[in-house]
Amino acid sequence: MDAKTSSFLEKILSEIVDNVQNPNELMGKSGISVVLLVLLVALEWFFTKLWRKLIANIKVLNVINTMTRFLLRFLFLISLLRLWLNALDALILLLVFIGVILSLSIKGLISSLAGWFLIVNKHHFRIYDRIEIGNVKGEVISVSLLYFTLMEISNWFEAEAPTGRTVKIPNSKILSESVYNYNEVTPFVWKELSYLVAFESDWQNAQQIMTKVLLRYYENFEKEYLTDALYKEVVLKQLQLFDGELKPVQIVDVTENGVRLKTRYVVYYTEGTTVATTLNQEILRAFQAAAVKMAGQRIYFIKGGNEDD
């Protein structure tokens, strides 16, 4: 160890001893810091309640809440810096230095612990939420310090059905991968059915059939999930985030092989495959009864040679 390093460490130890021997200032600043933290929490709670009463549009409400929290936390940080800047001693600097060294040497462990902290504070998902991260989709069944476990769904299935496997994913993945949560804001998601009808078929009748089937489905959906008027109002506000509609939407598209009829509908997030199966069965039976012709991939044979052949 050279003379400069030895001198630096001696200076740090000397300053640590001086601060420990004079704890009154430290206690006073700690008390003020606690008061500032309590004030921050109280102000965030107050403004959250206030904006909810004054703002009806949930998108605007989220923006205002985010800006308010950012401003309050920025002021809190500035206040702490003004309070502690002159009291930052060599011990704190030493701890920061050690933290940097540790984070560089065990980066994966630190990232996983940071991810665990975010998960347990419910920033990304909760136990039994259905999520998709990377190319893995499943329901969260446990969270530990280093990884969380999913009950896998889909993968080699097109339907959202369990595969019987569990997947362990490092908590650090939530810091670098997009996390899709099926039921964080609302337990309802949109699904789409699509049928390709032949040009020579009565596509208007096919569309009417789809409309009737989907409206019956929506009536049953409302009876099952939205009988409570207050809850329905909450759901409608949540759906404003997605610019979505509860009632089924019909879409008509034209392709080179036929008329593409689509319908988009809302479904409880765990019932997607079951509902799609039921709707397909009803619609296809009605198509068959009405003699609606489905279109497949058409193959064109082009004769070779010149026009005289």
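The values are calculated or read from the model by the stated rules, or taken from the named source; none is laboratory data. Please read these numbers as outputs of a predicted model, since none were measured by experiment. Backbone-built Cβ (ideal geometry, glycine too); neighbour counts: all protein chains shown. With ligands, DNA and RNA removed, areas are computed over all heavy atoms of the protein, side chains included. Shrake-Rupley method; radii C 1.70, N 1.55, O 1.52, S 1.80 Å.
For the cross-link pairs Lys168/Lys237; Lys49/Lys137; Lys223/Lys262; Lys137/Lys262, the ones whose C-alpha atoms lie over 31 Å apart are Lys168/Lys237; Lys49/Lys137. Neighbours of Tyr147, meaning other residues whose beta-carbon lies under 11 angstrom from its beta-carbon, give a summed charge of +2 when Lys and Arg score +1 and Asp and Glu score -1.
Entry comment: accessible area of the range 188-290 is 56 Å² per residue, from protein heavy atoms only and a probe of 1.4 Å. Note on Val197: accessible area is roughly 0 Å² with a 1.4 Å probe, heavy atoms of protein only.
Rolling a 1.4 angstrom probe over the range 188-290 with all protein chains present gives an accessible area of which 50% lies on carbon and sulfur atoms.
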